[in-house]
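Input: a single structure, listed below in structure tokens.
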Amino acid sequence: MPDIVKADGTVEPFAPEKLEESLRRAGAGAGAAEKIRRTIEATIAPGSESSDIYKRAFQMLRQEGR
């Protein structure tokens, strides 16, 4: 997994399970959360900021709800 930059400036490997868990807590169904996670995981660039990743994921979640 590529390394990402967290909000506090620390760098750690991207943890797709954390993203999927956040989406589930926000009300996403299992299928939607997995689909969004896979999309993000496939397109994430090394050095991406966690805030940008989550913004993109939750934007996708809002679009799923339409």
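The values are calculated or read from the model by the stated rules, or taken from the named source; none is laboratory data. Worth saying up front: this structure is predicted, and the values here are computed from it rather than measured. Every residue, glycine among them, receives a Cβ derived from its backbone with ideal geometry; neighbour counts consider all protein chains shown. Accessible surface is based on the protein model in full, side chains and every heavy atom, while ligands, DNA and RNA are left aside. Shrake-Rupley method; radii C 1.70, N 1.55, O 1.52, S 1.80 Å.
Taking a point 7 Å out from the Cα of A45 in the direction of its Cβ, the residues of the range 1-31 whose backbone N falls within less than 14 Å of it are 3-5.
Run the accessible area of the chain with a 1.4 Å probe and give the carbon-and-sulfur part as a rounded percent. It would help to have the intermediate numbers written out before the result.
On the way: 2080 of 4210 Å².
Roughly 49 percent of what the probe reaches on the chain is carbon or sulfur.
When the charge dipole of the chain is built from unit charges on Cβ atoms (+1 for Lys and Arg, -1 for Asp and Glu) and taken about the Cα centre, the candidate among A42, G65, L19 whose Cα reaches farthest toward its positive end is G65.
Taking amide H atoms as placed 1.01 Å from N in the peptide plane, the amide H of E49 lies under 5 Å from those of V5, each 5 or more residues away in sequence or on another chain. For the range 5-62, state which trypsin sites (Lys or Arg not before Pro) are in a DSSP loop and have at most 13 other beta carbons lying within 10 Å of their beta carbon. Answer by residue number: K6.
Rolling a 1.4 Å probe across the protein heavy atoms gives the chain an accessible surface of 64 Å² per residue. Helix 30-43 and the long axis of the chain differ in direction by around 30°, with both axes built from C-alpha atoms.
Could you give the dipole magnitude of the chain about its Cα centre, charging the beta-carbon of Lys and Arg +1 and that of Asp and Glu -1, in debye to the nearest 20? Don't skip to the end; give the middle numbers.
Details: 11 positive and 11 negative charges, 80 e Å.
Dipole of the chain, to the nearest 20 debye: 380 debye.
For the chain, the longest principal axis of the C-alpha atoms and the axis of helix 16-25 are separated by about 40°.
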